[in-house]
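Written below as structure tokens is the structure these notes are about.
The values are calculated or read from the model by the stated rules, or taken from the named source; none is laboratory data. Because the structure is a prediction, the values reported are computed rather than measured. With ideal geometry, Cβ positions are generated from the backbone for all residues, glycine too; neighbour counts draw on all protein chains shown. Accessible surface is based on the protein model in full, side chains and every heavy atom, while ligands, DNA and RNA are left aside. Shrake-Rupley method; radii C 1.70, N 1.55, O 1.52, S 1.80 Å.
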Amino acid sequence: MTDSSPLHAQLYAEMVHRIRTGVWQPGDRVPSEKSLVAEFGTSRGPVRQALAALRAEGMISGRRGAPPRVQRTAPAQSFDTFMSFTEWARELGLTPGQRVIEASRRPATEDIARELQIEPETPVVEIIRLRLLDEKPAMLERSLFPYEIGRHLITADLDGGSIYQTLSRAGVIPVRARHVIDAVGAHPLEVEQLRVGPGEPLLRVRRLAYNEFGTVIETADDRYLPSMATFVVENSAEHRTPFARQAGGSSVDLFERSA
């Protein structure tokens, strides 16, 4: 343990990594405090703090007198780095995938035009994709782009590639994003693609992405199965912004994983 963060935080991060990557499988007994103390060469205090944090997060459980066991949890996404869906999945030891449902050109509605800062009826490109984790449906992604940007995507192989990588090759590079997180009921397309019941709650992230000139290049609506993702937001007190782990009703001006 050589990180500059507190020891209990380092232990917590390592334990979370083991759970996320399957080293510790759901149902497994968590190693005893004694064995963890010996492995990490520390005292019981930091180990107990790390285990307490895992319990608070619902990652491990166990009644008094019984050894804690690993719980099945949804993979967490952090909003503090600009990480692609593919990178995020692979970091967790999961296999990412996607399937294009629709790639089309259409006129912008008033709402879409306002978000993209263009005139109503101006052509836009809409991409709808089903995102997968280990071949299981995880999220339905709707992205809209001004036509001059989105035209690069219409003929691209988006089943096997990244939207942002495709745009980067065309010289369109997102550098900032704004997110609004809330919950919505499943509509017919989500019912079909995510295999849920009508109106079943989903986690929604609405995103506006900007280039280096402050121009909006994308508006997106991503709808996640709650069992497949949680959101993590970490901020520094020196910036006078709160620390939060949340899944609803918040606006976060941070970089996010995307296409």
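Residues in region 1-15 that are modelled with pLDDT of 85 or more and either open to solvent by less than 40 Å² (accessible area, probe 1.4 Å) or among the hydrophobic types (A, V, I, L, M, F, W, C) (or both): LEU7, ALA9, GLN10, LEU11, ALA13, MET15.
Taking ASP182 as the residue in question, decide whether it is touching a Lys or Arg at 6+ places or on another chain (Cβ under 7 Å), open to solvent by 20 Å² or more (accessible area, probe 1.4 Å), more than 21 Å from ARG90 (Cβ to Cβ) and among the charged types (D, E, K, R).
Spelling it out, ASP182 is indeed touching a Lys or Arg at 6+ places or on another chain (Cβ under 7 Å), open to solvent by 20 Å² or more (accessible area, probe 1.4 Å), more than 21 Å from ARG90 (Cβ to Cβ) and among the charged types (D, E, K, R).
For THR219, the criteria (1) more than 17 Å from GLN117 (Cβ to Cβ); (2) open to solvent by less than 40 Å² (accessible area, probe 1.4 Å); (3) not aliphatic (A, V, I, L, M) hold in every case but one, which is (1). From the list GLU212, GLU190, the lone residue that is at pLDDT 95 or above and charged (D, E, K, R) is GLU190. Taking region 128-229 and the strands (runs of 3 or more DSSP E) fully enclosed by it, the elements with 1 or more residues that are farther than 30 Å from ARG20 by Cα are at 136-146, 201-210, 216-224.
Between residues in region 106-121 that are farther than 16 Å from LEU208 by Cβ and residues that are open to solvent by less than 70 Å² (accessible area, probe 1.4 Å) and in a helix (DSSP H, G or I), which pairs lie under 8 Å by C-beta distance while being six or more apart or on different chains? Close Cβ pairs (under 8 Å, with a partner that is open to solvent by less than 70 Å² (accessible area, probe 1.4 Å) and in a helix (DSSP H, G or I)) amount to GLU119/ALA113; PRO120/ALA113; GLU121/ALA113. For region 152-165, residues that are in contact (Cβ under 8 Å) with a residue 40 or more places away in the chain, over 20 Å from the mean Cα position of the chain (by Cα) and open to solvent by 20 Å² or more (accessible area, probe 1.4 Å) total 1.
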